[in-house]
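Here the structure comes first, spelled out in structure tokens, and everything after it is commentary.
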């Protein structure tokens, strides 16, 4: 699998496209909630398209941009980089950090427990 990487601004834009399904430059610009020039947002979208992460189609006088990569695939690549950079390659240390988060609700922890049990069954 090819590693997927985003700059922080690209990730902000991709997050908007994943949530909404698509967007024009103006829609993305508004959703960013920052005072960015139209051309700045357009430039990010064009870069993402060159990388193959979005595609566009004409819509009136504008273009509508659609993500071409799933968030889960991008997330997997990002988590791998974090695991290597922050947790010295240890999935166990990274998992310990996740479960020690006091902001997790009991139902989230239960779902994590079930996922872990399912994964362990696969290894048996």
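The values are calculated or read from the model by the stated rules, or taken from the named source; none is laboratory data. Computed from a prediction, not measured in an experiment: that's the story for all the values here. Reconstructed Cβ throughout: ideal geometry from the backbone, glycine too, with neighbour counts over all protein chains shown.
Observations on the structure shown:
- Taking the listed residues 104, 79, the one that is at pLDDT below 90 and assigned to a loop (DSSP other than H, G, I, E, B) is 104, with no other qualifying.
- Verdict on residue 66 being in the same structural domain as residue 78 (by TED's automatic domain parsing), at pLDDT 95 or above, part of a strand (DSSP E or B) and under 16 Å from the mean Cα position of the chain (by Cα): yes
- One residue stands out among those in segment 8-48 that are in contact (Cβ under 8 Å) with a residue 24 or more places away in the chain and farther than 23 Å from residue 77 by Cβ: the one that is surrounded by the fewest Cβ atoms within 10 Å (Cβ to Cβ), which is 26.
- Single condition residue 90 does not satisfy, out of (1) surrounded by fewer than 12 Cβ atoms within 10 Å (Cβ to Cβ); (2) over 21 Å from the mean Cα position of the chain (by Cα); (3) at pLDDT 90 or above: (1)
- Scan of segment 14-48 for residues that are within 20 Å of residue 61 (Cα to Cα), in contact with a helix residue (DSSP H, G or I) (Cβ under 9 Å, 6 or more places away or on another chain) and either assigned to a loop (DSSP other than H, G, I, E, B) or not assigned by TED's automatic domain parsing to the domain that holds residue 74 (or both), ordered by number: 37
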